[in-house]
Structure formats: structure tokens, C-alpha cells
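> Take a look at this one; I'll ask things after.
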């Protein structure tokens, strides 16, 4: 794709690589807890600086690279002390551009500043939920949140899901849109490429026999034969709320996402 032509042709930074143990969707007991995972090409994890602790120190973008563990591209930043770190690359980031983390940084794409100093209408990504804990929200390719305004010590954000939530104004966020927005248009093309990504085949429940799935049985394209769709483990699967009612961040949600 045209997007990948923007990437720097270089080997990844060795000091920022780590090998992760493969689990193939299995838990401690060795049983499959997440289906359809396993195999795939070998890959090394890139250590991303989500917190970006180098406050008030400008860094220079020396490379934009592909990351096999995420949909977005990553940028290699070099600081004056020759320390190098990977960050999530925003859209339109250029090699040679400077990026800085500061409480009152300018609103240039890739800069990181506190939400309380971000004006309404600004697009942000890689957002902290708690000050000093590093970016947790809005990290996928092409995603962004919109700053709606300030309310006391909180900032109101419109999330990519259309949910509106409050985040403490002391939290840091990066300005811009996450890189590689064309990711959603990528066509896998063939089953082999999906296997190289570590995805195993998925079989429809209706194609199974009744002991293997609640939707199984019947001849040909038979309906599911149930009043409501269920998971393979017999639990309701349509329109069921899965969010924990006691989750501490529930109080920060102003408006739940709109149904499509």
C-alpha cells in the first residue's frame, strides 16, 4: 500500500526490542482461553514509551517504522543525550521534525501536553486515565478523541466510539490523529497471510453439531433454533452488557456510545 512507502528502510533499534513468550491463547493451565490464536511468523516486541517521561526535552524524529504488534506506525525519537525511544507516530509526522512533552507545549502534531491546557475542538490520542500512568486510551490506527471542554478539574472528551467521558485535566495526551488511518481498508487477501499474523481459522457455530455449539444441528443453512443467540458456552450473546457495573471509571462516563 501507498502508506507503507512512508516508512524508513532500516533495522529496528536493538536496545528497544524484546522477545515475548508465545501463549497461543492459552492460560496458566495450558487450556485454550482465547480461541483462534496460534502459529504465525516470528516477531519481536518494540518497547513503546507511552508515558514519555522526558518532559521539557525536545526530541528529533529519526525514523518511522512498522510495528508487527500494533496497527499504528511507530516513530523513533532521539534526544540530545543520544537516548532513543519509540513513540506512537501521529498522522503526517515527518522525519527531522521535533517533538516535545511539556505542560504547555504547542499544538503541533506529535507534541504531548496536559489536557487542561488543550483548547476545545483539538484532536488528541494516547491519553492517560490517571496522571503519570502512561497513555491508555486511543492508540489504534487512525483513531482520535476530540476535546469538548473543561469542567472543573476534568476535561470532557468525545471518544472514537462516540462515548463522552471525563478525564482528569492533569493527564497528558498527544496532539493529532494516530498514524496509518488506511488500516481499516487493508485487504488480507488470502488465508495464508491471516495465519502468518497468528490467526487460526474460525468456524461458524451453525456449521457445528449440537454438542459443540448452541447454534449447531439441522440440515444445510438451518437457523440457530434458539430464541436468542448464545455463545459456545450457552451464555446470551446479543445486546448483553458486558461492562462491569462496579468499574471505578463508570462515574467518569457522561454519555454511553451511540448504537449503530
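> Give the residues of segment 39-54 that are surrounded by 12 or more Cβ atoms within 10 Å (Cβ to Cβ), assigned to a loop (DSSP other than H, G, I, E, B), in contact (Cβ under 8 Å) with a residue 40 or more places away in the chain and touching a helix residue (DSSP H, G or I) at 6+ places or on another chain (Cβ under 9 Å), sorted by residue number.
Of everything in segment 39-54, those that are surrounded by 12 or more Cβ atoms within 10 Å (Cβ to Cβ), assigned to a loop (DSSP other than H, G, I, E, B), in contact (Cβ under 8 Å) with a residue 40 or more places away in the chain and touching a helix residue (DSSP H, G or I) at 6+ places or on another chain (Cβ under 9 Å) turn out to be 39, 40.
> Do you know which residues across segment 144-162 are part of a strand (DSSP E or B), touching a strand residue (DSSP E or B) at 6+ places or on another chain (Cβ under 6 Å) and over 11 Å from residue 123 (Cβ atoms)?
Matches in segment 144-162: 148, 149, 154, 155, 156.
A quick yes/no check of all residues on (1) loosely packed, with under 10 Cβ neighbours inside 10 Å; (2) under 24 Å from residue 39 (Cβ atoms); (3) touching a helix residue (DSSP H, G or I) at 6+ places or on another chain (Cβ under 7 Å):
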| site | (1), (2), (3) |
| --- | --- |
| 205 | no, yes, no |
| 215 | no, no, yes |
| 244 | yes, no, no |
| 247 | no, no, no |
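> Let me ask you something else. For residue 173, state whether it is touching a residue at least 60 places away in the same chain (Cβ under 8 Å), assigned to a loop (DSSP other than H, G, I, E, B), under 27 Å from residue 64 (Cα atoms) and in contact with a helix residue (DSSP H, G or I) (Cβ under 6 Å, 6 or more places away or on another chain). Explain how you work it out, then say what you get.
On the way: touching a residue at least 60 places away in the same chain (Cβ under 8 Å): yes; assigned to a loop (DSSP other than H, G, I, E, B): no; under 27 Å from residue 64 (Cα atoms): yes; in contact with a helix residue (DSSP H, G or I) (Cβ under 6 Å, 6 or more places away or on another chain): yes.
Answer is no for this residue.
> So how many residues does segment 119-134 have that are crowded, with 22+ Cβ neighbours inside 10 Å and in a loop (DSSP other than H, G, I, E, B)?
1
> Still on this structure: Of 95, 57, 77, which residue is touching a residue at least 12 places away in the same chain (Cβ under 8 Å) and part of a strand (DSSP E or B)?
Values: 95 fails: part of a strand (DSSP E or B); 57 fails: part of a strand (DSSP E or B).
The match here is 77.
> Here's a follow-up. Tell me the residue from 29, 109 that is buried (at least 17 other Cβ atoms within 10 Å of the Cβ), part of a loop (DSSP other than H, G, I, E, B) and out of contact with any helix residue (DSSP H, G or I) (no Cβ under 8 Å at 6 or more places or on another chain), please.
On inspection, the qualifying residue turns out to be 109.
> Let me ask you something else. What number of residues within segment 176-203 are surrounded by 11 or more Cβ atoms within 10 Å (Cβ to Cβ), in contact (Cβ under 8 Å) with a residue 40 or more places away in the chain and assigned to a helix (DSSP H, G or I)?
5
No lab work stands behind these numbers, since they all come straight from the coordinates. Just so you know, these numbers come straight off a predicted model, no measurement behind them. Virtual Cβ from ideal backbone geometry, glycine too; neighbours counted across all protein chains shown.
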